[in-house]
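K.L.:
Here it is, the structure in full.
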Amino acid sequence: MADKLMDNLVIAGKTYSSRLLVGTGKYKDFDETRAAVDASGAEIVTVAIRRTNLGQNPDEPNLLDVLPPSQYTLLPNTAGCYTLEDAVRTLRLARELLDGHTLVKLEVLGDPRTLYPNMVETLKAAEILIKEGFQVMVYTSDDPIAAKQLEEIGCVAVMPLASLIGSGMGILNPWNLQIIIENATVPVIVDAGVGTASDAAIAMELGCDGVLMNTAIAAAQNPVLMASAMKKAVEAGREAYLAGRMAKKLYSASPSSPVAGTIGQLKT
Amino acid sequence: MIQLIVNGQPQHVPISHGAETRAQSAADATLNIAQLLEHMGLQGKRIAVERNGEIVPRSKFDEPILVNGDRLEIVVAVGGG
């Protein structure tokens, strides 16, 4: 039990007790957003940066009132950015918006249909941001070389996709994830593709340090209940990983009950 | 009147009389960010501003830096993953 209590996620020197990171998009309203975030137990919460709507009601509630930066570690992202310039500018604005906050999620997309990351632009953007003092958690393809390069230039966490953003298709390439995990000395967080609780548990059992998800919770029939399920799945997967699973014995059963001392047969 | 591009859309902002007339840096600068935000009903909101590709820190919101043709981005945090 002591081991479990000590088992924290450390990103850029800061300690988190939850290994589940959640997004705040696609919810019905801010009440549901807040209820789902709280049910998930997540401490790191992603937000997007967008233009104010000209002509909108200025009294409209603000996400930062619902999820105050004093209670959550907000992780501004660059979702929707297709060039390194847009991504860098977006995060500079985020830093200003959040009073100098430097922990950010970088993603530079390459294609609107798949939302697959453009790794060339991602690497260049990460370099610029790190030089400017940002702590960059980076969305990446599940290419082990790209993931290692991002770590080497100073990203504080690498976040490979498990499958396409918002697809809910689960962990499609556990082997690549495993290579990335084995090579990494910074946290590896599966970002994108988780569809249901078992996907999150599998990611954690593989040895991922955390899971980041949005649609799997927000698009569930009952988002708040799914948020609670994800919290348990991430915890269960992590404990299973730490516990160390039994060896698989192919085609060879092993009874759990004693073999000796079963009652006698009536006829011999 | 000063013409700006705010979040990609043209905005004509009337110039009121007041402290902003003490333009010092740019010769024809007559408006500050605080006045623009007030004009747009965004005063006191949690926003960040970029002017012509450069961040404008909040400490400079009272400086009359805006000139005709400036391109501004005004952003907020919204739900996202």
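The values are calculated or read from the model by the stated rules, or taken from the named source; none is laboratory data. Quantities reported herein were computed from a predicted structural model and do not represent experimental measurements. Because the Cβ atoms are built from the backbone with ideal geometry, glycine has one as well, and the counts that use them run over all protein chains shown.
K.L.:
Check off (1) more than 22 Å from A:GLU151 (Cβ to Cβ); (2) touching a residue at least 40 places away in the same chain (Cβ under 8 Å) for A:ALA201 and give me the number that stays unchecked.
P.N.:
Evaluating A:ALA201 over (1) more than 22 Å from A:GLU151 (Cβ to Cβ); (2) touching a residue at least 40 places away in the same chain (Cβ under 8 Å) leaves (2) as the failure.
K.L.:
Please find, within the range A:36-46, the residue that is surrounded by the most Cβ atoms within 10 Å (Cβ to Cβ) out of those that are within 13 Å of chain B (Cβ to nearest Cβ) and within 13 Å of the chain's Cα centre (by Cα).
P.N.:
The extreme case among them is A:ALA42.
K.L.:
Related question: Filter the range A:47-61 down to the residues that are part of a loop (DSSP other than H, G, I, E, B) and at the interface with chain B (Cβ under 8 Å from one of its Cβ atoms), then identify the one that is farthest from B:ILE5 (Cα to Cα).
P.N.:
It comes out as A:PRO58.
K.L.:
Let me ask you something else. I'd like the full set of residues that are closer than 19 Å to A:PRO76 by Cα and either more than 14 Å from chain B (Cβ to nearest Cβ) or part of a helix (DSSP H, G or I) (or both), limited to the range A:10-35.
P.N.:
A:VAL10, A:ILE11, A:ALA12, A:GLY13, A:LYS14, A:THR15, A:TYR16, A:SER18, A:ARG19, A:PHE30, A:THR33, A:ARG34
K.L.:
Would you confirm whether or not the range B:37-49 contains a residue that is buried (at least 16 other Cβ atoms within 10 Å of the Cβ), modelled with pLDDT of 95 or more and not β-branched (Val, Ile, Thr)?
P.N.:
Yes, because at least one residue in the range B:37-49 is buried (at least 16 other Cβ atoms within 10 Å of the Cβ), modelled with pLDDT of 95 or more and not β-branched (Val, Ile, Thr).
K.L.:
Also: Could you please find all residues in the range A:170-219 being touching a Ser or Thr at 6+ places or on another chain (Cβ under 8 Å), of a type in the set (A, V, I, L, M), surrounded by 20 or more Cβ atoms within 10 Å (Cβ to Cβ) and not in a helix (DSSP H, G or I)?
P.N.:
Of everything in the range A:170-219, those that are touching a Ser or Thr at 6+ places or on another chain (Cβ under 8 Å), of a type in the set (A, V, I, L, M), surrounded by 20 or more Cβ atoms within 10 Å (Cβ to Cβ) and not in a helix (DSSP H, G or I) turn out to be A:ILE171, A:ALA192, A:LEU212.
K.L.:
Between A:ALA126, A:ALA42, A:ALA94, which is touching a Lys or Arg at 6+ places or on another chain (Cβ under 9 Å) and at pLDDT 95 or above?
P.N.:
A:ALA42
K.L.:
Can you tell me which of (1) more than 18 Å from A:GLU127 (Cα to Cα); (2) more than 9 Å from chain B (Cβ to nearest Cβ) is the one A:LEU84 doesn't meet?
P.N.:
Status for A:LEU84: all satisfied but (1).
K.L.:
Working only within the range A:220-232, note down all residues that are small (Gly, Ala, Ser) and surrounded by fewer than 24 Cβ atoms within 10 Å (Cβ to Cβ).
P.N.:
The answer is A:ALA220, A:SER228, A:ALA229.
K.L.:
Would you mention how many residues in the range B:32-60 are within 11 Å of chain A (Cβ to nearest Cβ) and assigned to a loop (DSSP other than H, G, I, E, B)?
P.N.:
10
K.L.:
Additional query: Residues A:ILE181, A:ILE145: which one is within 23 Å of A:LEU84 (Cα to Cα) and at pLDDT 95 or above?
P.N.:
Among A:ILE181, A:ILE145, only A:ILE145 is within 23 Å of A:LEU84 (Cα to Cα) and at pLDDT 95 or above.
K.L.:
How many of the residues making up the range B:62-72 are touching a helix residue (DSSP H, G or I) at 6+ places or on another chain (Cβ under 8 Å) and either within 11 Å of another protein chain (Cβ to nearest Cβ) or under 15 Å from B:HIS12 (Cβ atoms) (or both)?
P.N.:
Residues flagged as touching a helix residue (DSSP H, G or I) at 6+ places or on another chain (Cβ under 8 Å) and either within 11 Å of another protein chain (Cβ to nearest Cβ) or under 15 Å from B:HIS12 (Cβ atoms) (or both) within the range B:62-72 amount to 2.
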